[in-house]
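The values are calculated or read from the model by the stated rules, or taken from the named source; none is laboratory data. A quick note: this is a predicted structure, and the numbers were derived from the prediction, not measured. Note that we place each Cβ from the backbone using ideal geometry, even for glycine, and neighbour counts take in every protein chain shown. Keep in mind that these areas ignore ligands, DNA and RNA; they rest on the heavy atoms of the full protein, side chains included. Shrake-Rupley method; radii C 1.70, N 1.55, O 1.52, S 1.80 Å.
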Amino acid sequence: MSAIANISPDITPKIHMNRRTFISRSLASGSALILSCALPGCSREDAATPAAQDNIQGNIQNGADESELTAFIVLDTQGQITILSPFVEMGQGIYTSIASLVAEELDADMADVKVMQAPHGPAYRIMFDNTMRFTGGSRSLRSAFVPLREAGAAARSMLLRAAAEQLQVDVGGLVTEQSQVIEPASGRKLGYGELAARAAQLPMPIDITLKTPADYRLLGQPNDRVDVPAKTNGQARFGIDQQQPGLLSAAVSQAPVFDGEVDTLDAGPVMGMPGVVAVEQILHGVAVIADHYWHAKSALNTLPVAFKGGIDSGFSSPTYLSKLQARLDEPGETVEQHGDIAAAFAEAATTITATYHTPFLAHATMEPMNCTALVDDDSCTVWAPNQGVDAVVEIAGQITGLAPAQITVHTPYLGGGFGRRFINDYAVQALTLAARHKGKPIKVIWSREEDMQHDHYRPMTAARYRAALAADGSLIALHTTTVGDGPMRRHFGARIGEDNIDPSVIEGVTEQGYAIANRQHDYVYEPSPAPLGFWRSVGNSHNAFFNECFIDEVAAATNTDPLVLRQRLLAGNARFTKVLQRAADMADWRAAPYTNAQGRQCAMGIAIHHAYQTIACQVAEVSVDAAGQPEVHKVWCSVDCGFAVNPNIVTMQIESGIVYGLSAALHETVKMEQGRAVNGNFDDYPILTAQEMPEVGVEIINSGEALGGIGEPGTPPIAPAVCNALFTLTGKRIRSLPIGHIA
C-alpha cells in the first residue's frame, strides 16, 4: 500500500472565493510552481509559451479576472503539492483517484499531495465541451484521467529542467522519485520544494510523454482511500456540521401537494417560543428561524399554516401508471432501428410479449438536504453540499444581485448524492432567508420527512417488449416501447432535440451487445406531474431491469439456459462475452434450483449491462423464506471498466451500487396520492438492512478499452439478476418493482 495523501477533513474553511486569493496565500512564504492543467478545450500550446506563463502568474498576483485562467496544480517551496479539484467527494473516492493521477506522472510521494475544492468559474467547466462542471454521470475520473496526468508530467519535466540548471548537469542524467530529483551518478538529491521557485520561471513543455501502464507505480494499485480516516474518527465535516459565529438555524415546511403555496399563516403563536427569531414565507412553503435547529423545528411543528393549490390533486401512482400503460401501443419516436421489424414479426413462428414497469424512487441520502448562507451588501458565502457549484453561484447571483466574483461557495464532503444534489432547491431557501437577514449566517436543514416528500424522484416508467422467434427458437427480432418522462427534459430541456427523445429515459436500452438482426426501440413521452431528478444510473436503472428480465423470458420460452442464450447473442462481441463468462465462472453457474451449503433451496439469476462505457455482469443466489420474502445470499460481479485506476475503489463502488440497486429492487417505492408523496420516513420507505446484505464477490477485468465510469454501473444489473433467479426458483415472473412478497 502506498502512503495516504494528506487531505484535510474540513477543507471548506481553507478555500476562498477565487483562485488568485488561494494562490496568493500559497505564495506568501515564497515562490511556487503554478501549473496550468491542459484541460479539454485549453490549448496546451498557448499555455506553454513563456509569455503565457508570465501572464498566468502575473494575473493571479495582480488580481486578474479568473475567467482568463485554467485549473492549477500548485507546488510550494515546502514541497506541498495542491490539486484544485473540479469534482466533489461524495463517497466515490475521487479525491484519492485524482491525487494518484498527478502523483503518478509527477513521481510524487502521495503523502505530499493535497486535494482541495476548486473555486467556481469557467476554468473548471470541463464537461460537455467546456460548458458544465458537475460531479455525476460516472464522469469524474474519465474527465480527469488524461488532463491531470498531463499536468503531472508537465510539472515533472519543469522540475527536471530546474534541477539540471541548479546542478549544472544534463537533464538526461537525472531521474525523479518520491518527490525528489536525483542524480544517480553522484547521489545528489533535490526535493521538489527546493526547485519550486526555479521551476516557476520555466515555460511549460509543449510535448508531454505520459507513462505507459507497464511503468505505473500507483495507478492500478489498491491505494488506501484518503477520506476514510477522517470519516471514521469523526473529523470529517459535512454541510450539516457547518458552524459560524452567530449562526441561526431554519426548519422548513413545504406545501404537501407539489407546487402548492401558503394559503394562511399566523406567526404570532410561535414568535414567543424559545429562540425563535423570525417566521418567513419561502417558495412553496414556510421557514422558522431560531437560534438552534431544535427550537426552529419545535416552533414549526406548532405553527398555524395552511397550504393551497399545486398540481392536480387527482395525481397518484396508480393513475399515472395507467397513463403510461395506455400509451404502450403507440408508435412513438424511434430511438434505434435495424433490419425490418415488420417483416420479421410477420414471418415469426412464435412471438413473446411482456409489459414491465418501475416505480417512483427517492434518493434517501444519509445526509438530508441542507445549506448555510451568509449574505452581506457586497459579498455572499455559501456552504452547500452540491454536485454542481456553478449552479449554486448562479442561484446566489439571482437572489442577491451580486456578481460571481462577490460570491464564495464552499463544498464540504457530501453525505450522499446519487444525483439529488444536482437540484439546489435547498440552497435557494438558505440564500433567500440569508438575503432577508443580512449579516447573519443561516443554516437550513430539512427533516427526513421534508427530504422524502420533496425529493426529485427517479421517474416511474413502463415498457413493452416483443420478441419474434424463428421455428428453431432463435431470436430474430426485438421491438421495445418505453413510456415515461425524465430529468433531462425537466432540467435541461434545451438539450432535447427535434426527435423529442429524452436520453435520460432511454439510456441503457441500446448498446447492450446482443446480436439481434432486426430490432427497434421506440420512446413515448408521457409527462409526469411529480418532480423528477437524476437517480443513480438514471435510465439504466429501469432499462436493465426491462432488458435482462425479457432476455430471460425468451430463454424460458425456448427452453434455453439463460447463460447459454446470452452466450449465443453475444458470440460476436468478445468484450461482453468475457465479462459474462467471468461472472458465470465465479458463481459456478447453475441453471436449475439447488440446495446451498446452508441447506436453503436456492436458484441463480444472471444479468449483464453496459453503462457509462463499463460492462458489469452479476449473478445472484436467491431463496424465499417461509413467509414468502426473497433473500439474496450471494452476488458475484465481473466488471470491465477498461482499466481500474484503483481496484479497491472499483470494488467498493460495485458493492455500493449493488446495495443501492438491491434495496430498490426489494423494498423501495414512493407512493403518490392526491398530488403528493405520502412516504415520510424509513418506516414507510424501508431500505436494505445490514442483515439483508448479501456476500458480494467482485472481479475486475482490465481490458485496455477506454476508461469507463464506475460509480453507477453496479446498480442496474442487480434487480434483473434477482428477479431472474426468483423465476427459476418459483416459476413466477416478476415484471414490476419492488419485488415484495412472493405468494
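Quickly run through region 477-512 and pick out the residues that are assigned to a loop (DSSP other than H, G, I, E, B), among the small types (Gly, Ala, Ser) and buried (at least 21 other Cβ atoms within 10 Å of the Cβ).
Residues satisfying the conditions are Gly486, Gly508.
Looking only at residues in region 520-539 that are aliphatic (A, V, I, L, M) and within 17 Å of Met452 (Cβ to Cβ), which one is surrounded by the most Cβ atoms within 10 Å (Cβ to Cβ)?
First, pick out the residues of region 520-539 that are aliphatic (A, V, I, L, M): 524, 530, 532, 538.
So of that shortlist, the ones also within 17 Å of Met452 (Cβ to Cβ) come out as 530, 532.
Values: Ala530: 22, Leu532: 26.
Within region 520-539, the match that is surrounded by the most Cβ atoms within 10 Å (Cβ to Cβ) is Leu532.
Scan region 693-739 for residues that are on the phi > 0 side of the Ramachandran plot and free of Cβ contacts under 8 Å to residues at least 12 places away in the same chain and jot them down. If the condition is that a residue be on the phi > 0 side of the Ramachandran plot and free of Cβ contacts under 8 Å to residues at least 12 places away in the same chain, then Gly731 is the only one that fits. Close Cβ contacts (under 7 Å, 6 or more residues apart or on different chains) running from residues in region 580-595 that are under 17 Å from Leu729 (Cα atoms) to residues that are of a type outside the set (A, V, I, L, M, F, W, C) and not in a helix (DSSP H, G or I) comprise Ala591/Asp561; Pro593/Gln601; Thr595/Gln601. In region 183-200, the residue that is most open to solvent (accessible area, probe 1.4 Å) out of those that are touching a strand residue (DSSP E or B) at 6+ places or on another chain (Cβ under 9 Å) and not in a helix (DSSP H, G or I) is Lys189. For region 112-121, does any single residue satisfy the condition of being under 20 Å from Ile182 (Cα atoms) and open to solvent by 10 Å² or more (accessible area, probe 1.4 Å)? Yes; the residues of region 112-121 include at least one that is under 20 Å from Ile182 (Cα atoms) and open to solvent by 10 Å² or more (accessible area, probe 1.4 Å).
Among the residues of region 405-451, just one is of a type in the set (Lys, Arg), farther than 23 Å from Val538 by Cβ and buried (at least 22 other Cβ atoms within 10 Å of the Cβ), namely Lys443.
Set side by side, the residues Arg582, Arg590 differ, and just one is outside any strand (DSSP E or B) and touching a Ser or Thr at 6+ places or on another chain (Cβ under 6 Å), which is Arg582. Highlighted here are the strands (runs of 3 or more DSSP E) found entirely within region 601-688 that include at least 2 residues which are among the hydroxyl-bearing types (Ser, Thr, Tyr): 614-624.
Open to solvent by less than 40 Å² (accessible area, probe 1.4 Å), in contact with a Ser or Thr (Cβ under 8 Å, 6 or more places away or on another chain), touching a residue at least 60 places away in the same chain (Cβ under 8 Å) and not hydroxyl-bearing (Ser, Thr, Tyr): is that true of Cys637 in this structure? Criteria not met by Cys637.
Which one of Gly708, Gly714, Gly680, Gly642 is closer than 19 Å to His542 by Cβ and either surrounded by 20 or more Cβ atoms within 10 Å (Cβ to Cβ) or touching a helix residue (DSSP H, G or I) at 6+ places or on another chain (Cβ under 7 Å) (or both)? It is Gly714.
Of Asn233, Asn223, all but one fail to be open to solvent by 50 Å² or more (accessible area, probe 1.4 Å) and modelled with pLDDT under 95; the exception is Asn233. Quick check on Ala611: is it open to solvent by less than 10 Å² (accessible area, probe 1.4 Å) and over 19 Å from Arg519 (Cα atoms)? Yes, satisfied. Return the pair list, or none, for Cβ contacts closer than 9 Å from residues in region 239-251 that are at positive phi to residues that are surrounded by fewer than 16 Cβ atoms within 10 Å (Cβ to Cβ), at least 6 apart or on different chains. If the second residue must be surrounded by fewer than 16 Cβ atoms within 10 Å (Cβ to Cβ), the pairs left are Gly246/Gly439. All conditions in (1) outside any helix (DSSP H, G or I); (2) under 23 Å from Lys440 (Cβ atoms); (3) over 36 Å from the mean Cα position of the chain (by Cα) hold for Ala250, with the sole exception of (3).
Under 18 Å from Arg149 (Cα atoms) and in contact (Cβ under 8 Å) with a residue 40 or more places away in the chain: is that true of Pro229 in this structure?
no
Ala468 falls short on exactly one of the conditions (1) of a type in the set (A, V, I, L, M, F, W, C); (2) more than 17 Å from His542 (Cα to Cα); (3) open to solvent by 10 Å² or more (accessible area, probe 1.4 Å), and that condition is (3).
Here Asn724 does not fit the description of being of a type in the set (S, T, N, Q), in contact with a helix residue (DSSP H, G or I) (Cβ under 6 Å, 6 or more places away or on another chain), surrounded by fewer than 24 Cβ atoms within 10 Å (Cβ to Cβ) and at pLDDT 95 or above. If you filter region 157-182 down to residues that are open to solvent by less than 20 Å² (accessible area, probe 1.4 Å) and outside any helix (DSSP H, G or I), you find that the one that is nearest to Ile73 (Cα to Cα) is Ser179.
Let's see how each residue does on (1) among the polar types (S, T, N, Q); (2) assigned to a loop (DSSP other than H, G, I, E, B):
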site	(1), (2)
Ile208	no, yes
Gly220	no, yes
Pro229	no, no
Thr232	yes, no
Val257	no, yes
